[in-house]
Amino acid sequence: MRYVLFVSTPESPSEAPLRKVRVRGFEATITDEGPQSDTRPFVFVHGLPGSVRDFRWLTPAMPKARAIRVDLPGFGGTDQRAAGLTPEMRGRFLIDLCDALKLERPILAGHSMGGVVSLAALRQNPMRFSGLALLSTPGLRKHKPLQNLPSPWLQRLFLSKLVQPLVLPKVRSDFERLGFRNVRDDEIVHTMRLVLELGFKRHSERLRMAPSFGRPIFHSYASDDRIIEAEILSDSFEATGGERLVFEEGGHNIQKSCAVELADALLKWRQSL
């Protein structure tokens, strides 16, 4: 395990052009940077809510690696109909996307809830991927924002089109308090749908099973994460083993705040695979 005290970011973020890919007959939005000859590219998967922009500070720090950033269905420019709501369905979308791009042995790198989806993809087809990087990803038990959610029936009430206009301002305020800004209304509603279908027990079981998948696993997080408690993040690593990089500071979005050091660690880990 490595602890990092001092972190840095590139001078400027990536402004890679958006690209459309057909997946299951629907349009998915990605960016594709770095050498096309790279045989083990990184596929970066954002959390909830999020988009390809979530990794715009990370990819400039790894210019010699092919880095593909993905808009999951219902976010950014990817058609919501390209996948269902469960992590398993969205994991299948990632597999289909990799097939559409003809990626042979990519490395999945999921941030936050994107790690949940990436783990679900790995569970379905372990040999399809070279490894899995879990960045600030939920663990074996619910973190506080999930614990504090209203009951499922109240969440379903929020999803009613009659109720949404009344409660959306409060929900948006809660999102902003957690650091999620400039999120479209439809993305907030879609996020609530996905959280409702999360199946946290199944995620916990996948984490415990991960060593049996036979793929290398990399964990990274910051000790001062305000969304997922450090103890939960540490317990996830203990459950799966693999490599671990811990930042003393960096918050939840280490792919932005700790981009240079995280990129360096990911590249070194990839060399060891």
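Couple of notes before you dig in:
- Whole-angstrom gap from the stretch 242-267 to the stretch 57-78, using each part's C-alpha centre: 16
- Quotient of C-alpha Rg and 2.2 N^0.38 Å, computed over the stretch 142-186: 1.19
- Mean residue ellipticity (222 nm) of the chain, computed from DSSP H runs ≥ 4 via -39,500 (n - 2.57), nearest 500: -11000 deg cm²/dmol
- Computed over the chain with a Gaussian network model linking Cα atoms closer than 10 Å, the most mobile of Val52, Val246, Val167 is Val167.
- Taking 10 °C and 1.306 mPa s as conditions, the stretch 47-174 diffuses translationally at an estimated 97 µm²/s according to Stokes-Einstein applied to its Kirkwood radius (Cα pairs).
- Based on alpha-carbon atoms, the Kirkwood radius and the radius of gyration of the stretch 171-273 give Rg/Rh equal to 1.01.
- Expressed as a fraction of 2.2 N^0.38 Å, the value expected for a compact globular protein of N residues, the C-alpha radius of gyration of the stretch 113-239 is 1.16.
- Over 27 Å between alpha carbons, listed pairs Lys142/Lys268; Lys144/Lys201; Lys64/Lys102; Lys20/Lys256; Lys64/Lys256: Lys142/Lys268
- Surface/4 estimate of mean projected area, convex hull on alpha-carbon atoms of the chain, nm²: 13.2
- Separation in nanometres of the label points that stand 7 Å from Cα toward Cβ, at Gln80 and Leu196: 1.2
- Accessible area per residue, Å², the stretch 63-174 with all protein chains present, probe 1.4 Å: 42
- Nearby lysines by direct alpha-carbon distance to Lys161 (threshold 17 angstrom, same-chain neighbours under 8 apart not counted): Lys170
- Contact order relative to length of the stretch 137-273, as percent, for alpha carbon pairs under 8 angstrom and 6 or more apart: 29
- Computed extension length for Gln164-Met127: 9.1 nm, one decimal, from 0.36 nm per residue of separation with the Cα-Cα distance subtracted.
- Stokes-Einstein D in µm²/s, Kirkwood radius over Cα pairs - the stretch 79-128 at 37 °C with 0.692 mPa s viscosity: 302
- Virtual spin-label span in nm between Arg22 and Phe175, 7 Å along Cα→Cβ: 3.2
- Calculated FRET value between Glu15 and Glu248, using beta carbons and R₀ = 25 Å, to 0.05: 0.25
- Approximating the spin labels as points 7 Å out from Cα along Cα→Cβ, the Glu205-to-Gln147 distance works out to 2.4 nm.
- Rounded percent of accessible protein surface that carbon and sulfur make up, the chain, 1.4 Å probe: 52
The values are calculated or read from the model by the stated rules, or taken from the named source; none is laboratory data. If you're wondering where the values come from, they're calculated on a predicted model, not measured in any experiment. Methodologically, a virtual Cβ is constructed for each residue, glycine included, from the backbone with ideal geometry; neighbour enumeration extends over all protein chains shown. Protein only, heavy atoms only, side chains kept; ligands, DNA and RNA dropped before computing areas. Shrake-Rupley method; radii C 1.70, N 1.55, O 1.52, S 1.80 Å.
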